[in-house]
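A short worksheet on the structure shown next.
The values are calculated or read from the model by the stated rules, or taken from the named source; none is laboratory data. Remember, it's a predicted structure, so these values are computed and weren't measured experimentally. Areas reflect the complete protein model, heavy atoms only, side chains present, ligands, DNA and RNA absent. Shrake-Rupley method; radii C 1.70, N 1.55, O 1.52, S 1.80 Å.
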Amino acid sequence: MTAVLLGSDIPVGEPPNADAPDAPGVAACAEAATPAGAATHRPISGSVHSWDLSTGLDGPGTRFVTFLAGCPLSCLYCHNPDTMKMRNGKRTSADEMVAEAAKYTTFIRASGGGATISGGEPLLQPVFAGELFHRYKHELGLHTALDTSGYLGARATDAMLRDVDLVLLDIKSWEPATYREVTSRDLRPTLDFARRLADLGKEVHVRFVLVPGLTDAPHNIDGVAAFAASLGNVSRVDVLPFHKLGEAKWEALGKDFTLHDTPSPTPDQVAAAKKIFAGHGLQAI
């Protein structure tokens with residue numbers, strides 16, 4: 001396991017722009033380990049890939065979305081493979097990001113939106129993400145959302161999660177073997193994080209990518225649906241049809257896009273998946 005210094009986003013023994021570590025890391029612990037937990041303003045920076053304004057994709061309303069660089073997963077269908085490496089981001093201060101978001105707060109509030117931190121994987125940089133959440137919420141008064149695979153959920157302190165209004169949680173498969181095939185990682189940390197969010201009463205939107213021949217088996221979908229329904233805090237499920245819009249990025253990076261010949265699901269296949277989730281009493285979009 002790669003050790004992580006409390007109060008740091010840098011794995012011990014690795015340079016600041018190292019690639020993603022191989023293990024979930026430390027459990028939620030000392031709440032003052034993050035600036036959000038200490039509730040004080042500290043000069044802190046992180047590796048930011050980009051930012052954008054989006055509507056309807058990253059939480060309710062129009063969102064100021066901060067994409068952090070680096071991810072511990074290697075998803076076969078990743079549409080932003082350029083965010084996988086932390087070193088591909090730009091070192092950016094929290095002050096810079098808050099100042100940028102502040103330009104759009106009037107428009108964001110009018111739309112019922114907020115600020116989302118995505119990636120990559122935000123929890124690869126928990127201190128920086130915690131600082132941004134705290135300041136987006138308390139300085140700018142924005143609704144906040146965390147977009148995460150949950151694999152590094154143990155790195156999110158309770159203090160950080162108090163500054164998060166909504167978690168967009170990707171559950172990529174119910175079958176552990178399929179999950180590993182899709183991501184190259186273990187499913188268990190994501191399920192553990194989902195249960196913890198339920199214990200905290202945190203609102204969750206589950207995201208499930210429907211990939212023909214990979215994640216679309218009815219028993220696999222039913223497993224995700226039954227688990228999500230059992231949590232009691234999942235207010236919505238987004239069934240996301242697989243697409244190949246990121247294939248050109250894979251090619252530009254010199255990487256093999258192994259799902260090149262995989263088709264997008266048909267409308268009937270998407271509808272069938274949604275019906276399974278709805279059968280468990282979940283709102284499926």
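Some notes on this structure:
- Accessible area expressed per residue, region 87-143, with surrounding protein chains retained (probe 1.4 Å, Å²): 38 Å²
- Under a 5 Å amide H cut-off, with hydrogens placed 1.01 Å from N, D238 pairs with V206, R207, F208, I285 among residues at least 5 apart or on other chains.
- Segment D268-S230, extension gain: residue separation times 0.36 nm, minus the distance between their alpha carbons: 11.0 nm
- Each part gets one Cα centre, and for region 40-119 versus region 228-279 those centres are 22 Å apart.
- Based on alpha carbons, the Rg and Dmax found for region 220-275 are 15.2, 43 Å.
- Surface share of carbon and sulfur [accessible, 1.4 angstrom probe, percent] for region 80-174: 48 percent
- Applying a threshold of 28 Å to the alpha-carbon distances of K85/K244; K202/K275; K137/K249 flags K137/K249 as lying beyond it.
- Shape summary of region 87-160, radius of gyration then Dmax from alpha carbon positions: 12.5, 36 Å.
- 5 Å-binned pair-distance histogram of region 142-285 (Cα, whole percent): 2, 9, 19, 21, 19, 15, 10, 5, 1
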